[in-house]
Amino acid sequence: MTESDAHFVAGALRRQRVFRVAMIVGVVVGLGLLALSMIRFVEGAVWGPTFVIAILVLLNARQNLRQCRYARVLYVLTDGGALLDTEGRHDG
């Protein structure tokens with residue numbers, strides 16, 4: 001593993017929790033915006049922009065889920081970050 005690869009893996013492992021929190025927040029906000037757009041639709045108000053923003057937020061949450069999964073797989077493949085710890089490149 002090159003030094004650049006080890007740095008990338010260490011960063012992904014450090015940010016795994018951030019990815020998970022961002023995913024959860026994104027799903028909650030996205031679903032809230034979807035509910036708001038449905039309420040606006042029923043009331044006859046402009047609902048299109050809210051709906052589009054909700055979809056974009058949910059797509060971002062999906063990407064955060066994917067990054068969280070990648071970090072989890074990297075954690076397993078590096079034996080819990082042990083490979084990075086022994087090389088002295090993992091900061092914690």
Residue under evaluation GLY80, criteria (1) at pLDDT 95 or above; (2) exposed (fewer than 13 other Cβ atoms within 10 Å of the Cβ), criterion not met: (1)
Residue in the range 7-15 that is in a helix (DSSP H, G or I) and exposed (fewer than 12 other Cβ atoms within 10 Å of the Cβ) present: no
Count of residues meeting criterion [part of a helix (DSSP H, G or I) and either touching a Phe, Trp or Tyr at 6+ places or on another chain (Cβ under 9 Å) or hydrophobic (A, V, I, L, M, F, W, C) (or both)] in the range 32-47: 10
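Look at LEU33 and say whether it is crowded, with 18+ Cβ neighbours inside 10 Å, at pLDDT 95 or above and of a type outside the set (S, T, N, Q).
So LEU33 passes the test.
The values are calculated or read from the model by the stated rules, or taken from the named source; none is laboratory data. On a predicted model such as this, the values are computed, not experimentally measured, just so you know. Positions of Cβ are backbone-derived with ideal geometry, glycine not excepted, and every protein chain shown enters the neighbour counts.
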